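Have a look at the structure below, then the notes.
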Amino acid sequence: MTNENSEWQIPPEGPEESEAVGGHYSHLPLEDQVPALVKDLEEAQQEASQNLDLAQRAQADLVNYRRRADEERISLSKFSNSRLITKLLPVKEELDLAISHSDKAGAADSWLEGIKLIQRKLLSLLESEGVELIEGVGDLFNPIEHEALGTDESTEYPAGHIIEVVRSGYRLQDRVIQPAQVIVSR
């Protein structure tokens, strides 16, 4: 039904079809389009590879961020009460001092037992929160855990070892919250 005068003729190739087949190289001869298209393909593959690399790096950064945030959250929960504990330590030391002086002062037994009960409860509370006493006498001086107040001659301990603890030191979950004040042998 198609004749040259009819409206039912096959249209010539339109711009949409030529763009889909040859892209912006449609004006070039076919033998020149292939190398240009291969070059475009290589560039697109390189760009895709770079984008994949960027995506993998971003994913790794996100994993690292989440890990650091989890570690920080755990650390924060472990040490959130360290300020309060640090303020309680002088109270414990005062109780220790009161008990050690009570023998000399001849305090009433009921009063002394009450003070000892308070001391035990406070010690139990501190231990339940992860507070540990830093050992001292006879140990090698460690500047991270000990604060040297002075040195003294000692025949009992070698040089650099602690011969006296002036004030006790404490750790909270392996973190020093109060260094022990000590005298070191020389």
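The table below gives the values:
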item	result
Residues being part of a loop (DSSP other than H, G, I, E, B) and either within 20 Å of Gln173 (Cα to Cα) or acidic (Asp, Glu) (or both) - total across the stretch 115-155	10
Residue among Ala148, Ala180 that is among the small types (Gly, Ala, Ser) and either open to solvent by 40 Å² or more (accessible area, probe 1.4 Å) or farther than 30 Å from Leu76 by Cα (or both)	Ala148
Residue in the stretch 16-34 that is open to solvent by 100 Å² or more (accessible area, probe 1.4 Å) and at pLDDT 90 or above present	no
Looking only at the stretch 152-177, and only at residues there that are over 31 Å from the mean Cα position of the chain (by Cα) and polar (S, T, N, Q), the one that is nearest to Ile74 (Cα to Cα)	Ser154
Options Ser128, Ser124; residue that is free of Cβ contacts under 8 Å to residues at least 24 places away in the same chain and open to solvent by less than 80 Å² (accessible area, probe 1.4 Å)	Ser124
Qualifying residue in the stretch 74-81 (condition: aromatic (Phe, Trp, Tyr) and in contact (Cβ under 8 Å) with a residue 60 or more places away in the chain)	yes
Tally of residues being outside any loop (DSSP other than H, G, I, E, B) and touching a Phe, Trp or Tyr at 6+ places or on another chain (Cβ under 8 Å) across the stretch 156-179	8
Filtered residues of the stretch 121-154 (kept if within 9 Å of Ser185 (Cβ to Cβ) and modelled with pLDDT under 90)	Ser154
Residue pairs meeting the criteria (Cβ under 7 Å; at least 6 apart or on separate chains; first over 20 Å from Tyr25 (Cα atoms), in the stretch 38-53; second outside any helix (DSSP H, G or I))	none
Leu76 of a type outside the set (Asp, Glu), part of a helix (DSSP H, G or I) and open to solvent by 80 Å² or more (accessible area, probe 1.4 Å)	yes
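The values are calculated or read from the model by the stated rules, or taken from the named source; none is laboratory data. Computed from a prediction, not measured in an experiment: that's the story for all the values here. Cβ atoms come from the backbone with ideal geometry, glycine included; neighbour counts cover every protein chain shown. Side chains are part of the model used for accessible areas, which takes the heavy atoms of the whole protein and leaves out ligands, DNA and RNA. Shrake-Rupley method; radii C 1.70, N 1.55, O 1.52, S 1.80 Å.
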